[in-house]
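The values are calculated or read from the model by the stated rules, or taken from the named source; none is laboratory data. Because the structure is a prediction, the values reported are computed rather than measured. Here Cβ is always computed from backbone atoms with ideal geometry, including for glycine, and neighbour counts include all displayed protein chains.
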Amino acid sequence: MAGTRDKIILIVGGAGYLGSVLTHRLLARSRRVRVLDNMLYGGQSLLGAWHHPSLEVMVGDIRHDRDVSRAVEGVSSVVHLAAIVGDPACASDPQLATKVNRDGAYRVCAHAVDAGVERFVFASTCSNYGRMENSDGWVDEESSLNPVSHYAKLKVELETYLLRLDSEVMQPTCLRFATAFGLSPRPRFDLTVNQFARDLALGNSLEIYGKQFWRPYCHTIDIARAIELTLEAPVESVGHKAFNVGSNDENYRKQDLVEKLINLLPESESLISYVQKNEDPRDYRVRFDRFEAAVGFQSRVTVEAGLREIISAVRSGVIKDPYDHRYSNS
């Protein structure tokens, strides 16, 4: 894309689990990147690029107008990743989640419109689909949204607002990400694939509930690639649209993940137990054809490869204590 290399991409939440992967990838592609992050989990994820001439880091909070107005100045595109992420984290403090995930996102959008930002990529979630009516069925972008958690309800509210946004300049895109997995400069082990692999790789017991419920999964690198493709796609292909991001082939039930892990770690089978809980009724198997048709996206890293990646990382000792609270959003 001619002329885009000199334009600034603002990544709101650029030091986080997904944001840090995206930041490093964009810098490697000679893009100018500005990060706005409150550094809730620290900013070590950006230290490897600290002296990169195309990186600018702002420590700030999306709850504060002054921080947001400074961050969007001179920006052509905004990728909004900042949030209290995940159902447990939002459920533990719904008021904070609302202030950050709803009010903060509104604030970023409003300032972006005022600043003449051209593109706005909003990180949404496949959790918006809640629970399928047919447990053997599929959902896609034409399916009704049925959020069952505070986290997903806030995402749906922002999607509705953005897709109805009347702006002559700014074109929003909502990306409904599959459940993320894999390594990152800011690791997380409170995500299903990562947690399962960590526990069994280290010889610890694993208690599983909802083994029959479906979820789609997508690696951190593929999520970053999806954002890159969205930023580079013709605006008529992605503007004012919502897309599921993932792969049809990477929908799994928890019991499927366990089977893959037992194949990789046969000695761990005795460590696994199943329990009945009703706290999480989400159940959705998702199709991703629309996004592939729009931007040519296909995920490259399978769940099995991600399991191997986590097993290797935690067994190597590179991550000294993968149970440290810094590696969890909960």
*Residue list for the range 161-170, restricted to those being surrounded by 19 or more Cβ atoms within 10 Å (Cβ to Cβ) and either under 17 Å from the mean Cα position of the chain (by Cα) or outside any loop (DSSP other than H, G, I, E, B) (or both)*: Leu162
*Pick from the range 52-74, criterion touching a residue at least 60 places away in the same chain (Cβ under 8 Å) and either surrounded by 21 or more Cβ atoms within 10 Å (Cβ to Cβ) or aromatic (Phe, Trp, Tyr) (or both), ranking: farthest from Asn38 (Cα to Cα)*: Val72
*Which residue pairs have Cβ atoms under 7 Å apart, sit 6 or more places apart or on different chains, and have a first residue in the range 293-316 that is more than 11 Å from Ala226 (Cβ to Cβ) and a second that is of a type in the set (Lys, Arg)?*
Val303/Lys260; Glu304/Lys260; Leu307/Lys260; Ile310/Arg198; Val314/Arg198
*Residues located in the range 257-279, provided they are exposed (fewer than 14 other Cβ atoms within 10 Å of the Cβ) and either closer than 18 Å to Phe181 by Cβ or among the acidic types (Asp, Glu) (or both)*: Glu259, Asn263, Glu267, Glu269, Glu279
*Among the residues of the range 304-323, is any among the hydroxyl-bearing types (Ser, Thr, Tyr) and either within 15 Å of Pro216 (Cα to Cα) or under 20 Å from the mean Cα position of the chain (by Cα) (or both)?*
no
_Looking at Ser69, Ser30, Ser92, Ser45, can you tell me which residue is small (Gly, Ala, Ser) and closer than 22 Å to Leu162 by Cβ?_
Ser69
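A quick yes/no check of all residues on (1) charged (D, E, K, R); (2) buried (at least 19 other Cβ atoms within 10 Å of the Cβ); (3) at pLDDT 95 or above:
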{"position": "Pro94", "(1), (2), (3)": "no, no, no"}
{"position": "His111", "(1), (2), (3)": "no, yes, yes"}
{"position": "Gly116", "(1), (2), (3)": "no, no, yes"}
{"position": "Asn128", "(1), (2), (3)": "no, yes, yes"}
{"position": "Trp138", "(1), (2), (3)": "no, no, yes"}
{"position": "Glu141", "(1), (2), (3)": "yes, no, yes"}
*Ala82: in a loop (DSSP other than H, G, I, E, B) and under 27 Å from Arg32 (Cα atoms), yes or no?*
yes
*asked:* Exactly one condition in (1) at pLDDT 95 or above; (2) surrounded by fewer than 19 Cβ atoms within 10 Å (Cβ to Cβ); (3) hydrophobic (A, V, I, L, M, F, W, C) is false for Ile208; which is it?
replied: (1)
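Considering Leu158, Leu154, which residue is in a helix (DSSP H, G or I) and touching a Lys or Arg at 6+ places or on another chain (Cβ under 6 Å)?
That would be Leu154, the only listed residue that is in a helix (DSSP H, G or I) and touching a Lys or Arg at 6+ places or on another chain (Cβ under 6 Å).
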